[in-house]
Each structure stands twice: as structure tokens, then as C-alpha cells.
Amino acid sequence: MSSLKPFSKLPALNSANILLVEFEEQFQLSLADALVEETAVTVNVRLAKSLPLPKENEESRPRIDLVVFIVNMMSELSFQSTEASLKHLDPGFFLGKVCFMVTNARNASVPTERLDSVRKLAASLHCPLLFAEDQTPAGVTNATERLLTILKVTAGHVPMATALYLSNLTRCTVPPDIDQPSFD
Amino acid sequence: MEPPDTVGNLDHMVEAVALSGAPDSSTGQNDISPVDMLRIKQQMSNQCFEMKVQIHAGKSKRTCSTSEAERDLPEYVSELERVKTSHINRTLALHRMQMWHAIGDKLKQNDSEANSLKALGDRCMALCSHIKQLQKESRAFQDDITEIQKKRLEMKRQTYEKMKEMEELMSKKQHPDTEKYKAALEKGQENLEKHKKMTIMTQNVLRGILLACKVNWLDDPKLRDITMTLEDFPISD
């Protein structure tokens, strides 16, 4: 069982590789379409349902700069699959090359504990937590822009910033009263 | 964390690739401008830096709990931020100096570009003085507005006070008058009731007498008048 390692391969010139991991395999398609439209950098998008990645592609797979876990708040399976996938990631990735993206967090039928547990997970791993809206094209564009910003830093294209530094600035924090009942 | 040897090897490999210059690997563009090349060079140095950091991190290991590490983290981060901001400020200052030096040199040359620069500078001056004047005017207007608002507030306050006074007076007026005359009013009403009862009783008596005497009061006009007035008062008790 191989785990994904951040520095085991050479980076390519003027390109960035992003891996989108999503259990439902829906949002990642629209995100991928929007991501490859970026012109300044060659963005390669790899899609996966969960980790570990199949061994057959091991050789041809390029170096992954950013791993994005897309968690759908509407299903519990999504979160559990994400948690299971995290074990197959080399710890070197968590220094800024992992990002969590949550969809459908505004829905009223979502239990608040699920969002809290995602928050705590992201905070304990020191990773940024993004919220995205996947139903409208504007939401997809918005999410793409934010992902591209983080991707450019992790691929080394931004002069004065490294992935570790950015993760320190954008990491998710848990508010101290998260275990108390909220007012909605 | 993977062994530092592989990352070290990779580091050397990347440098070798960079030196040999492999432009036909992924970009596929035949003419890369110098700006692009500088950009790509910066990217590669950034990536090499990251890998060096990884190697270095692998070397100096010390065992401590996560809570200790979390406590130390903010200090290091703020130190980093301080150094970065000072570096950026100095770079900006350097760029500013370079720019001004270049502009000064250009102006000394006195050719068409210098003339356009001078014209631009004059236009900026004119705009700035215009801005200053407009700002003065707007400040004067703002002061006027504040004065008027103060006056309005003062007037509102006075109106409010007057209304309160009026309310007070209105509520007071009811009381003193009624209090004084209440007693006299009650007495007067008692008297009225008494007299009313007496009159009714006398009229009943007179009516009884008339009926008992069996007098024909319809024919006699004086008697008829008296009997008519008897009917006005209601028969009570």
C-alpha cells in the first residue's frame, strides 16, 4: 500500500498539479473544467474518489502539489471516506499541501456536529478550510479562484511565499465555544 | 518523513536539469521571453528552497509534545512575519529610489520623453491643487451641515421640553378644580334629590285628593292646567 509522497518526484516547468479527492465525484468535474482554463500556468488536474491511488498509475503520475479533499455536508459517507483517505497521505503533505473544501454547508438539513467535526479535523491538521457553493457557475468560479491562489503558492510560483508559510496564515481555527449549542 | 537522501538527490537533479535547460519538456512554446524565463527561474529556486527546507527539517529533530509545539508556533510565525515585512518594505524603498533615479536621469536628458514627463508632472500639480481646493470647499460645506444639524437638534430638544410642560399642565388642570367643588357639588346634588322627592310626594298627594273628590277637572280650565303639569314628573316608588 503506497502513500502519496510530496517530494518523491521532480517538479515540471511552469506547471502545477492538483489532486481533487471527492467521494461523490460530482463537484470535482466542474471544478476541473474551470481549473484548466487558467492560462498563466499549466494546471494538471487529477481526480480521485478516495485514497490510496491505484498502483498502476504510479510511474506516470506527476508530482502532486496540492491535495484537495471535497467533503459534501449532506452525506456522512463523504466525511468518513475523507477520514479514511487521510491515512494514506504522507505526513509531509500536511505542511501546507492539503486543503479541505466543504460544499452544501448552508443547507438546513445538515447537522451542526458534522460541520464541527470537519472544522476540528482541519484545525488539528493545520490545513485551510474552504466553503464552496457547487450549484451555480458563479460558485464554481469562486472556488476555482481560491484554489488557484493556494495552488500557485504550493507549486512554488509565488516568489516570497511557500506552502508552509501560507498554511500558517490560512489555517482553520476552531472557535473556543464550538461545543456549546449555537443559536440557530 | 522520507529519508533526506532521496530529497537531496532530487535537489541535485533539479539543479542539473535547470542548468542543462530543458525547455522542450512541458511548455511546448518555442519563444519564451526573458521575463518568462526569469519567472520560471524564480519558480525553480522557490521549489529548490522548499526541498532544502524539508531536508533541513529532517535533520534537526527534537521530541516534544504537540501542545508545546503549538505554543512555540505563534512566536516563530510572528518573527517570520516581522522579517518578511521589513524585507518587503526595504525592497519597496529600493524600488522607489531606483525609479526616482531613473526619472531624474531621464529629465536631465531633455528629449521628447522628458518633455512628456514634465508635462505629466505639471498636470499632476494642477490636479493636486484642484483637489486641495475642492477638499477645502467640501470641508466648509461639512461644517455648515454640522452647524445646521446642531441647531435642529437644539430645536427638537426645546420642542420636546415644551410638549412635556404642556402635558403636565393639562393633567394638573383637572384636579384642583374638581377637588374644590366636589364637596359642594355633592351637597347640591343631595339637596336636589331631596327636593325632587318632596315635590313628587306632594304631587302624588294632590293627584290622590283630586281623584278622591271625584271632581270633573276636564271642564274647569284652571284645574285642568294643574292636572296636566302633574303628568310631567314620573311616578316614582
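The values are calculated or read from the model by the stated rules, or taken from the named source; none is laboratory data. Note that the structure is predicted; figures quoted are calculated from it, not measured. Note: ideal-geometry Cβ built from the backbone for every residue, glycine included; neighbour counts use all protein chains shown. Quick note on the areas: whole protein, heavy atoms, side chains included, nothing else; ligands and nucleic acids left out. Shrake-Rupley method; radii C 1.70, N 1.55, O 1.52, S 1.80 Å.
The lysines within cross-link reach of residue A:55, meaning a Cα-to-Cα straight distance under 19 Å and a gap of 8 or more places when in the same chain, are A:5, A:9, A:87.
Ranking B:87, B:102, B:77 by Cα position along the charge dipole of the stretch B:38-124, where only Lys, Arg, Asp and Glu carry charges on their C-beta atoms, puts B:102 farthest toward the positive end.
Sort A:69, A:131, A:94 by heavy-atom solvent-accessible area, probe 1.4 angstrom, most to least. Can you show the working numbers first?
Numbers: A:69 0, A:131 75, A:94 35 Å².
Most to least solvent-accessible, the answer reads A:131, A:94, A:69.
Farthest towards the positive end of the charge dipole of the protein assembly as shown, among the residues B:230, B:185, A:19, is the Cα of B:185, using unit charges on the Cβ of Lys, Arg, Asp and Glu.
The ratio of the alpha-carbon radius of gyration of the stretch B:113-175 to the globular-protein estimate 2.2 N^0.38 Å is 2.57. Between the alpha-carbon centres of the stretch B:63-135 and the stretch A:62-93 there is a gap of 41 Å. With all protein chains kept in place, the per residue accessible area of the stretch A:95-174 amounts to 43 square angstrom at a probe of 1.4 angstrom. Excluding same-chain neighbours fewer than eight residues apart, the lysines reachable from residue B:41 by a Cα-Cα span under 17 Å are A:152, B:52.
The charge dipole of the stretch B:114-237, taken about its Cα centre with unit charges on the Cβ of Lys, Arg, Asp and Glu (plus for the first two, minus for the last two), comes to roughly 800 debye.
Under the convention that each Lys and Arg Cβ holds +1 and each Asp and Glu Cβ holds -1, the size of the dipole of the stretch A:1-148 around its Cα centre is about 460 debye.
Nearest 100 Å² is fine: what is the total accessible surface buried where chains B and A meet, probe 1.4 Å?
The contact between A and B buries close to 2600 Å².
Mean partner shielding of peptide B:126-135, defined as the number of other chain Cβ atoms within 10 Å of each residue Cβ, is 0. The residues A:126, B:130, sorted by heavy-atom accessible surface at 1.4 Å with ligands and nucleic acids left out, run B:130, A:126 from largest to smallest.
Helical runs (DSSP H, four residues minimum) scored at -39500 (n - 2.57) apiece and divided by the length of chain A put the mean residue ellipticity at 222 nm at -10000 deg cm²/dmol. Restricting the stretch A:1-97 to GluC sites (Glu not before Pro) that sit in a DSSP loop and have at most 14 other Cβ atoms within 10 Å of their own Cβ leaves A:25, A:37, A:58, A:59. Counting Lys and Arg as +1 and Asp and Glu as -1 over every other residue whose Cβ lies under 12 Å from the Cβ of residue A:107, the net charge comes to 0. When nucleic acids and ligands are ignored and a 1.4 Å probe is applied, residue B:230 ends up with an accessible area of around 0 Å².
Residue B:228 contributes an accessible area of around 100 Å² to the protein surface, as traced by a 1.4 Å probe with all chains present. Just round it to a whole percent: the fraction of Cα-Cα distances in the stretch A:103-184 exceeding 21 Å. Distances greater than 21 Å cover 42 percent of the Cα pairs.
Computed from the Kirkwood radius of its Cα pairs, the Stokes-Einstein diffusion coefficient for the stretch B:42-153 at 4 °C and 1.567 mPa s stands at 61 µm²/s. For residue B:150, the lysines whose Cα comes closer than 24 Å to its Cα, not counting residues fewer than 8 places off in the same chain, are B:136, B:162, B:164.
Subtracting the Cα-Cα distance of residue B:147 and residue B:205 from their residue separation scaled by 0.36 nm leaves 12.4 nm. Against the main long axis of the alpha-carbon atoms of chain A, helix A:112-124 sits at an angle near 40°.
For the protein assembly as shown, the spread of Cα positions along the three principal axes, ordered from largest to smallest, is 154, 71, 44 Å.
Among B:105, B:144, B:219, the order of accessible area from largest down is B:219, B:144, B:105, computed with a 1.4 Å probe on protein heavy atoms. Residues whose amide H comes within less than 5 Å of that of residue A:17, counting only those at least five positions distant or on another chain, are A:44, A:65, A:66 (H built at 1.01 Å from N in the peptide plane). Computed over every Cα-Cα pair of the stretch A:42-156 and binned at 10 Å starting from 0, the pair-distance distribution P(r) comes out as 12, 44, 36, 8, 0 percent. Considered as an equivalent ellipsoid built on the Cα gyration tensor, the stretch A:1-88 has semi-axes of 22, 18, 9 Å, the largest given first. Rolling a 1.4 angstrom probe over the protein heavy atoms with all chains in place gives the stretch B:90-237 an accessible area of 95 Å² per residue.
Hey, with R₀ at 30 Å, roughly what FRET efficiency would residue B:119 and residue B:35 work out to, going by the Cβ-Cβ distance, to 0.05? Here the calculated transfer efficiency is 0.55.
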